[in-house]
1. For the stretch 242-282, what ratio Rg/Rh do Cα atoms give with a Kirkwood hydrodynamic radius?
2. What FRET efficiency do you get for LYS20 and ARG121 if R0 is 45 Å and r is their Cβ-Cβ distance, rounded to the nearest 0.05?
3. Quickly work out the LYS80-to-LEU255 label distance, labels modelled 7 Å from Cα along the C-beta direction, and quote it in nm with one decimal.
4. Consider a paramagnetic label point 7 Å from the Cα of ILE217 along Cα→Cβ; state which residues of the stretch 252-276 have an amide N under 16 Å from it.
5. Would you list, by chain and number, the aspartates and glutamates whose Cα falls below 16 Å from the Cα of LYS224, excluding same-chain residues fewer than 8 positions away?
6. Can you work out the FRET efficiency for the pair GLU169 and TYR208, with r the C-beta to C-beta distance and R0 = 35 Å, to the nearest 0.05?
7. Taking a quarter of the surface of the Cα convex hull of the stretch 148-229, what do you get in nm²?
8. Semi-axes of the chain's equivalent ellipsoid from the Cα gyration tensor, sqrt of 5 times each eigenvalue, largest first, rounded to whole Å?
Amino acid sequence: MPSLAHIINIFQPAETSDLKLAQEVTIASMLRARESSSNSARISLLSTQTADDLKMVPNDFFPTTNLERDVTSLQVFYKKMHLPILKDILDRLYHETKADYLIYSNVDIGVQPNFYDEVSRFIAQGHDAFMINRRRIPEKFNSAQQLNEMLAEKGKSHPGFDCFVFKRELYPKFSLAEVCIGVPFVEITLSQNLFCFAENPKVFTDEYLTFHIGMEIFKGRAPKEYYKYNQLQFWQAMAEIWPKLDTRKWPYGNLWFPLRMIYWGLHPCFPIRLALKLESTR
């Protein structure tokens, strides 16, 4: 079975933030999933964190080299939000482990006990990169001690991408610019790299493998200055790999033109502007 390394960005949320509970649940669920896996000896759980947040990393996680910069190091913002750079996280995942497959997920995405075994099964099916869409469960929980109840919730599907698995050899090819996590365009940037460089990419849209507390599809809009920053970084990342992008590797990429444009137009992770540009070169 392949070795897996799964990284999340651990930090110290405000006591009033919904991310406080979400992060506790995510950590607990990852630990349980590794313990439950038949491949547990070949699963590494890693974190990125700042020096100040190192105390938040549990003993069973491997803390990678502390982050030394964030998006406010790169640009002046009116409102300071110390959001890590995606590439800084994935660089540590790549350089500080030798795992065959690398996993990145948002810190508010919990996993089912069979998560890692199912990831291994998808790999055995020949997928060198894939995304697993989350289930949305009710916002009625207030403690990580309720994990069993959360895992029992079937919830509802969600269209966005927040859990990414890819073969180690793909990563040096990625073009990520300096997109930061926590605001739109991070999932679009990473997913386009997977579609671009993987031989057999896949989106699993309705698996009961990951979950998020809260039924919302979209959270409140990110501050405009951060949205614009990430939007610019996204287009810079795409410009570097433009000749290699191909909508035929996207989901529904071989449907009749009007149908695929409708699907992409309704999906948050397929910018219609990018689709139209690429379609003109098919």
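No lab work stands behind these numbers, since they all come straight from the coordinates. These numbers were taken from a predicted model, which means no experiment stands behind them. Note that each Cβ is placed from the backbone with ideal geometry, even for glycine, and that neighbours are counted across all protein chains shown.
1. Rounded to two decimals, Rg/Rh equals 0.91.
2. After rounding, the FRET efficiency stands at 0.85.
3. It works out to 4.6 nm between the two label points.
4. 262-272
5. Once the sequence-local aspartates and glutamates are set aside, nothing remains near LYS224.
6. Working from the Cβ atoms, E equals 0.75.
7. 6.8
8. Three semi-axes, in Å: 27, 22, 20.
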